[in-house]
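The values are calculated or read from the model by the stated rules, or taken from the named source; none is laboratory data. For clarity, every value in this text was computed on a predicted model and none was experimentally measured. Here the Cβ positions follow ideal geometry from the backbone for every residue, glycine too, while neighbour counts run over all protein chains shown. What goes into the accessible areas is simple: the full protein's heavy atoms, side chains included, and nothing from ligands, DNA or RNA. Shrake-Rupley method; radii C 1.70, N 1.55, O 1.52, S 1.80 Å.
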Amino acid sequence: MHPKPPVEPHALDGATSVFLRNRPRLFGIAYRMLGSAAEAEDVLQDSWLRWQATDHGRVQDPTAFLVTITARLALNANESARVRGRHETCVGPWLPEPVDTRSDPALGAERGEALSFGVLLLLEKFSPAERAAYVLREAFDYPYRQIADVLQLGEANVRQLVTRARKRISDERRAPVGPAEHRRLLEAFIAAAQTGDREPLEKLLSSDVVSLTDSGGLVPRAARRAVAGRERVARLVASFASHFWTGTTLAWLETNGQASVLISRDGTVIALATIEASEEGIGQILWVMNPTKLVALSG
């Protein structure tokens, strides 16, 4: 084999510029397909290495090329995670790794679809191909033909995957409230949780509310099972009011396109809390306490 000619500096600079310009979009795709910022970064690293090794002069559409590489790598990573049984090896409930979306509310997408915790949790039930098709269509508005090329499937199959995914999400998720009401409900919930008064807590919750805590088994006393039902959830939240909130400070921010609160004690982030809510009240309370998932928000 003949050695490849050295890359001219200006060519490398151009290739780097192209990748960096597309990076938010590529991260947004990988994150939605995996629900993990760390895994999405690994995919982007692999995409970058493949892009570096590509003859850029033969690439007519760099963005389409990078999207295809990234989506396929994320698809493979998703399939591998399912084989490894990612959720089965997780101690307690699994939640997506939160990402700060204050600077990019849609996280590189045409619109902010498939980014909220509620939708990401539902997407975990989908097959890798169904999830990829839904993400590329609903969040990034790619034509079915292009999605078919990325997934190496027939266009009719892709349309069927997207239609089925839309229906499942519509059937399993209540219509969410708007951003202002979401923030109001979250603030009211945190205020009630700090007092431990069950009556105002119960008034905020839907009858079938579920509280999920992802501690990765690394936080003592954190709930390791989902808790469901208005009375049981209110009782749980009231039970830790006397000790959990002592000495804490709260920082309001936006993660995954929705209001969230970062909870710290002695300068160390101990949890991120957010909710999923509909007209019936708060339907999910989500506590991310796994320290590995809070690193990016701790700076």
Full-extension gain in nm, Ser298 to Glu155, via 0.36 nm per residue minus C-alpha separation: 47.2 nm
Pairwise label distance in nanometres, Glu181 with Thr246, each label 7 Å out on the Cα-Cβ vector: 3.8
Viscosity 0.692 mPa s, 37 °C: Kirkwood-radius Stokes-Einstein D of segment 212-264 over Cα pairs, µm²/s: 253
Backbone HN-Hα couplings from phi across segment 54-62 [Karplus 6.51/-1.76/1.60, Hz, Gly and Pro as x]: 8, 6, 5, x, 9, 9, 6, 10, x
Sequence-separation-based contact order of segment 168-248, relative, with Cα cut under 8 Å and 6+ spacing, percent: 30
Coarse-grained scattering of segment 17-127 at q = 0.12 Å⁻¹, given as base-10 log I(q)/I(0) from a Debye sum over alpha-carbon atoms: -0.43
Separation between Cα centres of segment 9-73 and segment 234-274, rounded to whole Å: 35
Whole-number percent relative contact order across the chain, with pairs defined as alpha carbons under 8 Å at least 6 apart: 18
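Quick one: net charge of Ala180's neighbours, Cβ under 15 Å, K/R +1, D/E -1? Provide the component values of the computation, followed by the final result.
Numbers: positive: Arg183, Arg184; negative: Glu181, Glu187, Glu254, Glu279.
Once positives and negatives cancel, what remains is -2.
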Nearest-ten-degree value, helix 179-195 long axis tilted from longest Cα axis of the chain: 40
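How would you order 156-165, 24-33 from highest to lowest mean count of nearby Cβ atoms within 10 Å? Kindly include the intermediate steps, with their values, before the conclusion.
Working: 156-165: 17.4, 24-33: 25.1.
My ranking of the peptides, most packed first, is 24-33, 156-165.
Tell me what the chain gives for mean residue ellipticity at 222 nm when only DSSP H runs of n ≥ 4 count, each as -39,500 (n - 2.57), the sum divided by the residue total, rounded to 500 deg cm²/dmol. Don't skip to the answer; put the middle values down first.
Details: 13 runs with 151 residues, N = 299.
Roughly -15500 deg cm²/dmol at 222 nm, from the helical runs in the chain.
Determine, from the Cβ-Cβ distance of Arg235 and Ala38 and an R0 of 30 Å, the FRET efficiency 1/(1 + (r/R0)^6), rounded to the nearest 0.05.
The calculated FRET efficiency here is 0.30.
Computing the accessible area with a 1.4 Å probe over protein heavy atoms, can you report the carbon and sulfur percentage for the chain? Show your work: numbers first, answer last.
Working: 7650 of 14870 Å².
For the chain, the apolar C and S fraction of the accessible surface comes to 51 percent.
Going from most exposed to least, what order do Ile285, Ile69 have by accessible area with a 1.4 Å probe? Working shown, then result.
Working: Ile285 0, Ile69 25 Å².
Final ranking, largest accessible area leading: Ile69, Ile285.
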Overall dimensions of segment 99-159 as given by Cα atoms, namely Rg and Dmax in Å: 12.3, 37
Per-residue SASA entry for Tyr144, accessible area with 1.4 Å probe, Å² rounded to 10: 20
Over segment 187-299, equivalent-ellipsoid semi-axes from the Cα gyration tensor in Å: 21, 15, 14
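What does the highest-first list of 50-56, 250-256 look like by mean Cβ count within 10 Å?
On the way: 50-56: 13.6, 250-256: 16.7.
Those peptides, ordered most packed to least, come out 250-256, 50-56.
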Degrees between helix 155-172 axis and first principal axis of the chain (Cα, 0 to 90, nearest 10): 10
Relative frequency of Cα-Cα separations exceeding 25 Å in the chain, percent: 52
For segment 133-291: relative contact order, % (alpha-carbon pairs under 8 angstrom, 6 or more apart): 23
